[in-house]
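The values are calculated or read from the model by the stated rules, or taken from the named source; none is laboratory data. It should be emphasised that the depicted structure is a prediction, and the values quoted were computed from it without experimental measurement. Ideal geometry is used to build each Cβ from the backbone, glycine not excepted, and the neighbour counts take in all protein chains shown. SASA here: full protein model, heavy atoms, side chains in, ligands and nucleic acids out. Shrake-Rupley method; radii C 1.70, N 1.55, O 1.52, S 1.80 Å.
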Amino acid sequence: LPRTHELLNEIRGVPLPLRGLDLIFSGGLRTSADSSHVMSVTGNPGTGKTAFALAVAAAMAPFGTITYYLSAEEDTADLSNRLSALTPPFLERLSFSRKNVGDWFIVETLETDTTEAVAELLRKVRVIADNARHSSSNTEQPHVLPLLVIVDSVSELLNAYDWRKTVEELTAFVRTCKELRAMVILLAAEDDKNIERLGYLVYTVVNLKNQGTDLLTQKPTRIFRLLKTRQQASRTG
């Protein structure tokens with residue numbers, strides 16, 4: 001029989017169907033009391049931050065999850081192409097799998113020209129997220145995770161202009177997502193001190209690294225490091 005904490009994680013948590021995560025998170029990713037979750041993912045360029053976030057989106061799509069991808073770096077067409085490549089074939093064969101990516105994967109461009117532009121976009125997405133909550137309540141599909149919001153990247157936003165005002169807008173945005181029972185994934189650069197300003201909102205901290213890239217004779221390895229979880233049993237490290 002599973003241990004008590006694993007059983008609780010499976011019942012109350014989000015079952016991320018990605019290989020290995022059930023072991024790391026002891027059965028499931030626990031949500032907070034309001035059924036939301038906030039995760040930060042840091043790493044150097046090329047370590048797989050975007051790939052990880054897209055893989056979570058693709059894995060949760062058949063369960064009715066709507067994904068809003070706020071991008072300050074990636075092109076919309078490139079994200080859609082990468083998402084298609086990361087979708088496992090068995091998910092596409094499911095009878096309830098949504099074939100049209102545009103029905104559940106929406107990309108918004110984060111323009112960092114001015115702080116006001118960033119604030120306006122975040123306010124706009126809060127309205128879109130609220131509409132998604134009402135539309136999802138009218139469907140018969142059970143929503144384990146009704147809404148997934150990915151911010152790529154926090155570093156670009158906070159390093160652009162007035163970080164104090166941007167932090168306030170991001171904080172209000174994340175809190176609104178929590179009210180909508182959403183999972184928020186914040187992507188940031190390696191050792192970015194600004195992400196720590198949002199640390200009190202974060203439940204799970206992940207760091208991605210590449211190993212074995214110095215010599216051609218070495219086999220490259222991507223390392224997933226779970227640094228912190230809150231309110232759940234897990235295998236950190």
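Details
- Phi-derived couplings, Karplus 6.51 cos²θ - 1.76 cosθ + 1.60 at θ = phi - 60°, listed residue by residue for the range 213-224: 10, 7, 10, 5, 7, 8, 8, x, 10, 9, 10, 9 Hz, with x used for Gly and Pro.
- Peptides 187-199, 27-39 ordered by average Cβ neighbours within 10 Å, highest first: 27-39, 187-199
- For the residue pairs K124/K209; K178/K228; K49/K219; K124/K178; K165/K193, the C-alpha atoms sit more than 24 angstrom apart in K124/K209.
- Measuring between their Cα centroids, the range 1-68 and the range 186-237 lie 14 Å from each other.
- Given charges at Cβ of Lys, Arg, Asp, Glu: the range 1-79 dipole, positive-most of G43, L29, G64: L29
- Taking amide H positions as modeled 1.01 Å from N, with prolines and chain starts lacking one, no residue 5 or more places away or on another chain lies under 5 Å from G27.
- These residues, R164, R123, go from largest to smallest accessible area, 1.4 Å probe, as R164, R123.
- FRET E, pair Q231, R164, Förster distance 35 Å, beta-carbon r, rounded to 0.05: 0.75
- Given their separation in residues at 0.36 nm each and the Cα-Cα distance between them, V144 and T76 gain 21.8 nm when the chain is fully extended.
- Amide H contacts of V38 (H built 1.01 Å from N, under 5 Å, at least 5 apart or other chain): V184, Y203, T204
- FRET E, pair T213, A85, Förster distance 22 Å, beta-carbon r, rounded to 0.05: 0.55
- Rounded to whole numbers, the Karplus 3J(HN,Hα) couplings from phi for the range 39-44 are 10, 10, 10, 10, x, 6 Hz, using 6.51 cos²θ - 1.76 cosθ + 1.60 with θ = phi - 60°, and x at Gly and Pro.
- Accessible area ranking (1.4 Å probe, heavy atoms, ligands and nucleic acids excluded), largest first, for S234, S40: S234, S40.
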